[in-house]
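The numbers here are math on the coordinates, done by the rules we state, and not lab data. The structure presented is a predicted model; accordingly, all values stated were derived computationally and were not measured. Methodologically, a virtual Cβ is constructed for each residue, glycine included, from the backbone with ideal geometry; neighbour enumeration extends over all protein chains shown.
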Amino acid sequence: MASLDDLRRLVLALPGTTEGTWYGTPGFLVAGKGFLRVRTEDDDGRLVLPVADLGEKEALLTARPEVFSTTPHYDGYAAVLLSLEAVDVDELAELVTEAWRTKAPARLRRELDGG
């Protein structure tokens, strides 16, 4: 099970990432753009996680409903809600890196990839 401390450590290790607020809740930004936030609505503690496209969103929701969910608010948006407690640290690292890639500028993606 991953924790908020694990999340913070993993996210802040990505190039150009800062911690702040996004839509009034704790979140993370890359090059000044929000890319991940901790929902505080109803104190559910899920993460809002952008994904590559609506096809990926649907695939995640279908394959692992115990991990990924959504609400009508996110209909039509390439984002899912992630239950942090339902993933381990390695999977969380992969998920936040892919979310970061959806918003990071090309120069930072190249930096992460080593060139």
Checklist line | Inter-label distance, nm, simple model (7 Å from Cα along the C-beta direction), Thr40/Leu12 | finding: 1.8 nm
Item checked: At R0 = 22 Å, FRET efficiency that the Cβ-Cβ distance of Asp75 and Lys33 yields, to 0.05 -> 0.50
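Can you give the local net charge around Val96? Use residues other than it whose beta-carbon is closer than 11 angstrom to its beta-carbon, Lys and Arg +1, Asp and Glu -1.
Numbers: positive: Arg8, Arg9, Arg101; negative: Asp6, Glu91, Glu94, Glu98.
It works out to a net charge of -1.
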Check: Comparing Ala93, Ala78, Ala59, which has the greatest mean-square fluctuation in the GNM of the chain with Cα pairs linked when under 10 Å apart?
Finding: Ala59
Next item on the list: Counting other Cβ atoms within 10 Å, keep those with at most 12, restrict to DSSP loop, and tell me which chymotrypsin sites (Phe, Trp or Tyr not before Pro) in the range 20-73 are left.
Entry: Tyr23
Notebook entry, point to check: Per-residue ellipticity at 222 nm for the chain, helices alone: DSSP H runs ≥ 4 residues times -39500 (n - 2.57), over residue total, nearest 500 deg cm²/dmol?
Noted result: -10500 deg cm²/dmol
Notebook entry, point to check: Sorted from largest down, what three extents in whole angstroms do the Cα atoms of the chain have along their principal axes?
Noted result: 37, 28, 26
